[in-house]
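K.L.:
Sending over a structure as structure tokens; questions will come in a sec.
A short reminder: the numbers here are calculations on the coordinates, not readings from a lab. These figures come from a predicted structure and were not determined experimentally. As a convention, Cβ positions derive from the backbone with ideal geometry for all residues, glycine included, and neighbour counts pool all protein chains shown.
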Amino acid sequence: MAWWQDILWGLWNGGTGWIVLLVHVFGGWDEFPLYNVARSGNWYDLGFLVGAGSPFLGVFARRNSKGG
């Protein structure tokens, strides 16, 4: 498998990981793992971390107070 496919799967699983985590807390979706161990590796891990952190990147964005 190509390295870019691992990054894309990591981004997807990281981005949807927050939803899956919330559903797992309430006892649902046992067939959907939060982290895909079969794909684990450097590129998948990088994509997963970026994907999991992406919802929070907007929190750290600077706002333009001058109003453009």
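K.L.:
Of the conditions (1) surrounded by 13 or more Cβ atoms within 10 Å (Cβ to Cβ); (2) among the small types (Gly, Ala, Ser); (3) without any contact (Cβ under 8 Å) to a residue 24 or more places away in the chain, Ala52 satisfies every one except a single condition; which number is it?
P.N.:
(3)
K.L.:
When you scan segment 10-33, do you find a residue that is crowded, with 16+ Cβ neighbours inside 10 Å, without any contact (Cβ under 8 Å) to a residue 60 or more places away in the chain, in a loop (DSSP other than H, G, I, E, B) and not polar (S, T, N, Q), even just one?
P.N.:
So in segment 10-33, the residues crowded, with 16+ Cβ neighbours inside 10 Å come out as 10-11, 13-15, 17, 20.
Of the ones still in play, those that are also without any contact (Cβ under 8 Å) to a residue 60 or more places away in the chain are 10-11, 13-15, 17, 20.
Filter once more, keeping what is in a loop (DSSP other than H, G, I, E, B): none.
Checked against the condition, which is being crowded, with 16+ Cβ neighbours inside 10 Å, without any contact (Cβ under 8 Å) to a residue 60 or more places away in the chain, in a loop (DSSP other than H, G, I, E, B) and not polar (S, T, N, Q), segment 10-33 yields no hits at all.
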